[in-house]
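The values are calculated or read from the model by the stated rules, or taken from the named source; none is laboratory data. In this text the structure is predicted, and so the values were computed from the model without any measurement. Every residue, glycine among them, receives a Cβ derived from its backbone with ideal geometry; neighbour counts consider all protein chains shown.
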């Protein structure tokens, strides 16, 4: 076992509240020592038109996100999350699943999206079956076993990031199942279109809109709020009313713009937990 892996395993045994407090310090440390990071962070906040005092807590939140990963990825499934995750809007998910057309959980780089997927699978899996999501192996060899373990949990199922994987998601949704999509992830070249996001043209995935248009699945705006250290999380779910995602004839650029508006809506609701350092406006990479 690599030294980095051993450290990760050791950290996973620390109390979550302690790791989050350490992470908050880590976030400010990175802010202090990296002028490039500060510049990029501030530029994204300014471009979004978000007041600085509202976005400032995201400095600590970034460090907390990193520090809590060992606990999130390697925690035991027994005991379950239980009261660690509170729920706001779970009835929207349940109603959409009862409608039988499937659900797309639209969860951007906001709060703790990693624990959100686990919580959804744990709560709804026994009644509605597994959450099926695309999975791309980690680029770093030492990290892959850890990420794979995080994805190997009850009621969590993976599909490859390929055409076959997309077909799996379509079949899942048409059968009344559900999936989770990170909508502000910059897709590889050829798998997105340019669409506005906070006033800038960014390369935006077309996968989410195509899945919704082809299956009629309900799209839910979802984010997992990180509460104060020791108080756990709160998972919020709201219906996303976007006619573009129901119209099979809608141009992909308009559908992608609708997806970005949904992300903007969530970010404006909680700018202090958005990953402002993420290079949302970067050039897409060539696949392979």
**Complete:** Only one of 116, 176, 192 is under 28 Å from residue 91 (Cβ atoms) and modelled with pLDDT of 95 or more, namely 176
**Asked** For the subset of the stretch 175-200 comprising residues that are in contact with a helix residue (DSSP H, G or I) (Cβ under 8 Å, 6 or more places away or on another chain) and surrounded by fewer than 15 Cβ atoms within 10 Å (Cβ to Cβ), which member is nearest to residue 127 (Cα to Cα)?
**Response** 194
**Request:** Scan (1) exposed (fewer than 13 other Cβ atoms within 10 Å of the Cβ); (2) under 19 Å from residue 225 (Cβ atoms) for the single condition residue 60 breaks and write down its number.
**Result:** (1)
**Item:** Selection from the stretch 148-172 of residues that are under 28 Å from residue 78 (Cα atoms), at pLDDT below 90 and either part of a loop (DSSP other than H, G, I, E, B) or touching a helix residue (DSSP H, G or I) at 6+ places or on another chain (Cβ under 7 Å) (or both)
**Value:** 149, 150, 152, 153, 154, 158, 159
**Request:** Please specify each residue of the stretch 83-115 satisfying the condition of being surrounded by 24 or more Cβ atoms within 10 Å (Cβ to Cβ) and on the phi > 0 side of the Ramachandran plot.
**Result:** 102, 111
**Fill in**
Expected single match for surrounded by fewer than 18 Cβ atoms within 10 Å (Cβ to Cβ), in a helix (DSSP H, G or I) and modelled with pLDDT of 95 or more among 213, 265 is 265
**Test set (1) free of Cβ contacts under 8 Å to residues at least 60 places away in the same chain; (2) in a helix (DSSP H, G or I); (3) within 18 Å of the chain's Cα centre (by Cα); (4) surrounded by fewer than 22 Cβ atoms within 10 Å (Cβ to Cβ) - residue 118 fails condition number** = (4)
**Item:** Unique match (being over 30 Å from residue 206 (Cβ atoms) and either touching a helix residue (DSSP H, G or I) at 6+ places or on another chain (Cβ under 8 Å) or assigned to a loop (DSSP other than H, G, I, E, B) (or both)) among 108, 80
**Value:** 80
**Message:** Which residue is modelled with the lowest pLDDT, if the candidates are limited to the stretch 220-231 and must be farther than 15 Å from residue 106 by Cα and surrounded by fewer than 21 Cβ atoms within 10 Å (Cβ to Cβ)?
**Reply:** 230
